[in-house]
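Enquirer: Have a look at the structure that comes next, please.
Quick note: the coordinates plus some simple rules give every number you see, no bench work behind them. The model shown is predicted, which means the values in this text are computed figures rather than measured ones. Counting neighbours? That spans all protein chains shown, and the Cβs are built from the backbone with ideal geometry, glycine included.
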Amino acid sequence: MDICFADCTVRFGDRIALHPLTLTLRERRIGIIGLNGSGKTTFARLINGLVKPTSGSVSVNGLDTVRDEKAVLGQAGFIFQNPQNQLIMPIVGDDIAFGLKNRGLSKAEIEARTQGVLHRFGIPHLARRRVHELSGGETQLVAMASVVVTGPDILILDEPTNQLDLKNRRMVCDTIASLEQQTLVISHDLPLLGDFERVLLFHEGRLVADGMPEETIRRYHQVAHAD
Ligand SMILES: Nc1ncnc2c1ncn2[C@@H]1O[C@H](COP(=O)(O)OP(=O)(O)OP(=O)(O)O)[C@@H](O)[C@H]1O
Ligand SMILES: [Mg+2]
């Protein structure tokens with residue numbers, strides 16, 4: 001998978017959320033770090049077209065996020081910072097199946113794929129539970145399952161271990177490690193990114209470090225304690 005930023009900027013009114021950025025992402029596990037408001041979510045949302053460049057462009061495997069908006073949305077799945085907002089149906093199993101509707105699949109095939117992903121994520125016992133009654137960690141896993149079942153090539157997770165206890169954090173980390181897709185993870189949970197192949201550091205809307213986890217995290221400590 002090739003994610004390409006070409007001289008891309010984002011402005012919200014007169015605020016610059018992303019200064020001109022040119023870069024290509026090919027690695028399988030990519031972390032994104034930086035202070036609150038540094039532009040991490042904006043950067044990630046550009047990849048699946050939820051945010052559009054003010055100038056320049058972003059492409060995913062040659063598909064432009066503006067021109068080929070629908071195709072890009074299908075290739076890059078996004079799990080939000082507050083994933084309860086993306087669960088649509090009241091029952092877990094129905095929410096996962098919902099993403100498979102309108103694809104010409106039989107009822108039996110939809111059921112089989114739903115059960116398959118529930119098992120893969122270790123949550124078959126949640127199938128008939130109400131989504132608004134799930135714990136934080138369960139919600140995170142269900143949201144990931146609902147996106148993974150649709151078969152995207154890229155997964156973007158925005159702070160997936162936020163607010164989780166140690167047990168649920170472990171569950172989510174193990175699940176991320178088992179994903180075969182190209183995965184981008186925004187996180188303030190730095191140990192989670194320790195074995196990633198590449199970590200990007202944003203500061204005030206600029207990419208200020210880009211490399212292996214250890215060196216990028218060291219730079220983050222310098223940036224965070226500079227003021
Ligand atoms: N839709 C929007 N309208 C106006 N300003 C926005 C919008 N989205 C983001 N911003 C601004 O752009 C900047 C970057 O925001 P962004 O959400 O990308 O930060 P972040 O690094 O994800 O922060 P956090 O760690 O708090 O989630 C911030 O100053 C924010 O206020
Ligand atoms: Mg954010």
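Enquirer: Report yes if some residue within the range 104-115 is acidic (D, E) and touching a strand residue (DSSP E or B) at 6+ places or on another chain (Cβ under 9 Å); otherwise report no.
Expert: The first filter runs over the range 104-115 and keeps only residues acidic (D, E), leaving 109, 111.
Retained after the next criterion (residues that are touching a strand residue (DSSP E or B) at 6+ places or on another chain (Cβ under 9 Å)): none.
Checked the range 104-115: no residue is acidic (D, E) and touching a strand residue (DSSP E or B) at 6+ places or on another chain (Cβ under 9 Å).
Enquirer: Answer yes or no: is there a residue in the range 42-50 that is assigned to a loop (DSSP other than H, G, I, E, B), at negative phi and within 16 Å of ligand 2 (Cβ to nearest atom).
Expert: Scanning the range 42-50, I find at least one residue that is assigned to a loop (DSSP other than H, G, I, E, B), at negative phi and within 16 Å of ligand 2 (Cβ to nearest atom), so the answer is yes.
Enquirer: When you look at G31, is it part of a strand (DSSP E or B) and either in contact (Cβ under 8 Å) with a residue 40 or more places away in the chain or buried (at least 17 other Cβ atoms within 10 Å of the Cβ) (or both), yes or no? So that I can check it myself, show each step before the final result.
Expert: Working: part of a strand (DSSP E or B): yes; either in contact (Cβ under 8 Å) with a residue 40 or more places away in the chain or buried (at least 17 other Cβ atoms within 10 Å of the Cβ) (or both): yes.
So G31 passes the test.
Enquirer: Still on this structure, please answer the following. Name the pairs: first residue in the range 179-205 and more than 15 Å from I3 (Cβ to Cβ) and in a strand (DSSP E or B), second residue within 13 Å of ligand 1 (Cβ to nearest atom) and polar (S, T, N, Q), Cβ to Cβ under 9 Å, at least 6 apart or on different chains?
Expert: L201/S38; F202/S38; F202/T42; H203/S38
Enquirer: Quick test of your reading of the structure: T22 fulfils all but one of (1) within 23 Å of E215 (Cβ to Cβ); (2) within 16 Å of ligand 1 (Cβ to nearest atom); (3) of a type outside the set (A, V, I, L, M, F, W, C). Name the failing condition by number.
Expert: (2)
Enquirer: Do you know which of the residues in the range 34-51 that are in contact (Cβ under 8 Å) with a residue 40 or more places away in the chain and more than 16 Å from the chain's Cα centre (by Cα) is surrounded by the most Cβ atoms within 10 Å (Cβ to Cβ)?
Expert: Once the filter is applied, the top-ranked residue is S38.
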